[in-house]
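**Q** First the structure, then my questions, so here it is.
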Amino acid sequence: MSVFYITLIITFILAFLARIMKQKNNKISNVFVFFIIILLVIVAGNQTNIGDTPQYMTIYRKLVVNPASVDLNYDGGFTFFMIILTKISKDPQILIIISAIIINLINIKMFLKYESLLEIQLFLYIASGYYIVTMNGIRQCMVAAVFLYSTKYIEQGKFFKYCVITLILSMFHQSAFIMIPVYFILRCKPWSKLTFAIIGASIVTVLSINKFLPLLFEILKGTNYSHYETYISVGNGGANFMRIVIAAVPVVLAYIKRDVLAEKWKSSGIFVNAALLNIVFFIFSTVNWIFARFNIYFQMYTFILLAYLIKECFSKKEKRLLYFSCIVFYFIVFWYEYDKLMNLQYVWNSNWFNIFCN
């Protein structure tokens, strides 16, 4: 875990300096941001053991030996992406590195686009565990990053362009199709009847989960994710209730300051609704962890929203309290979940510089 603690501290300091220097010298600020991206990519791109990484590397090795050995019907877009990379290097580490570049470059770019408190955005990104998740669900996190980048189409109401992107991304991860109805939900006015109806329906569904599971299994049948029926049926455990509490923080603050937020930030409704959907899927994930996979699409919105709320919607005294409370509590959760409970280990690829020689 030491590598993640070091990354958390260094990126926080660099982001703080980048924000302060931006007012005086934008070029120096960009240098700090550049080093943040480099550090995030090096750490994420050189790990070999987190989550699904070993499986991705195994598939990559199979493609190197025989491209026909992998089923192109299984999220063929990502398979094609790997085939292209095999032409550059036979070492599967290149897949992890390039994926880390794409994910972190887009995510940091979006932090900068909606910048308020860059250091808080980055702190939440790492301390929430999302950064570690990008090393686990690589495909879905790549798709989520592109969806976040496509927020401009939601803001502009360009559904056709958004649909085209969704169709392309579905070739990388079929769960991307869920973002089509999400488009309309995100464009709704926050705190409307629909908002509370969605939350209420999710709670009722969870309480009556045994009645809804057969319908879910029927939907999954025949897809690349039909095997999830086994995971859900055997009951692999759900997400910690604390996750719901954490997810509720930006939503509660946004509700308290809803008038100020709407006045200062025209696009805030998209981020508030995304944060609400984040809670909905965390509620579902208390039944089984597999539902938390959908949170990958919404968590980045919550980091941007919370940082904006702290900076723009509260008094100086309140801002200071929220700023440091955010750091303290998120760090405690990060330590408890990933260090104490999971005892997460980081295995570094010592042959990094030989990748392009293979």
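Where a number appears in this text, it was derived from the coordinates with a stated rule and is not lab data. As the structure is a computational prediction, the values presented were derived from the model and not from experiment. Ideal geometry is used to build each Cβ from the backbone, glycine not excepted, and the neighbour counts take in all protein chains shown.
**Q** Which whole-number percentage describes the relative contact order of the chain, with Cα contacts under 8 Å and a sequence gap of 6 or more? All intermediate terms of the calculation are to be shown ahead of the outcome.
**A** Details: 402 pairs, mean separation 83.9, N = 358.
Taking the mean separation of contacting Cα pairs over the length of the chain, I get 23 percent.
**Q** Are any of the pairs Lys193/Lys266; Lys22/Lys266; Lys152/Lys266 more than 22 Å apart by Cα-Cα distance, and if so, which?
**A** Details: Lys193/Lys266 20 Å; Lys22/Lys266 24 Å; Lys152/Lys266 12 Å.
Exceeds cut-off: Lys22/Lys266.
**Q** Report the paramagnetic label zone for Val347: residues of region 81-120 whose backbone N is under 18 Å from a point 7 Å from Cα along the Cα-to-Cβ axis.
**A** The answer is 91-97.
**Q** Residue separation times 0.36 nm, minus the C-alpha to C-alpha distance between Leu167 and Leu112: what's the value?
**A** On the way: separation 55, 0.36 × 55 = 19.80 nm, distance 2.69 nm.
Here the segment from Leu167 to Leu112 would lengthen by 17.1 nm.
**Q** Expected output is a single nm value to one decimal: the length gained when fully extending between Phe324 and Ser2, i.e. 0.36 nm times separation in residues minus the C-alpha distance. What is it?
**A** Net length gain for the segment: 113.7 nm.
**Q** Moving on. Between Trp191 and Ile13, what FRET efficiency comes out of the Förster formula 1/(1 + (r/R0)^6) with R0 = 41 Å and r the beta carbon distance, rounded to 0.05? Walk me through the numbers before you get to the answer.
**A** Numbers: r = 37 Å, r/R0 = 0.90.
That gives a FRET efficiency of 0.65.
**Q** How big is the shadow of the Cα convex hull of region 41-200, averaged over all directions, in nm²? Mind showing how you got there, number by number?
**A** Details: hull surface 43.9 nm².
Mean shadow area of the hull around the Cα atoms is 11.0 nm².
**Q** Let me ask something else about it. Hey, rough spin-label estimate for Lys266 and Ala248, points 7 angstrom out along Cα→Cβ, what's it come to in nanometres?
**A** 3.4
**Q** Related question: So for the pair Gln174, Asp52, with labels modelled 7 Å out along Cα→Cβ, what separation do we get in nm?
**A** 1.3
**Q** As a check on your grasp of the helix formula, calculate [θ] at 222 nm for the chain: sum -39500 (n - 2.57) over DSSP H runs of n ≥ 4, divide by the residue count, round to the nearest 500. Intermediate values should be presented prior to the final figure.
**A** Values: 19 runs with 245 residues, N = 358.
So the helix-based figure for the chain works out to -21500 deg cm²/dmol.
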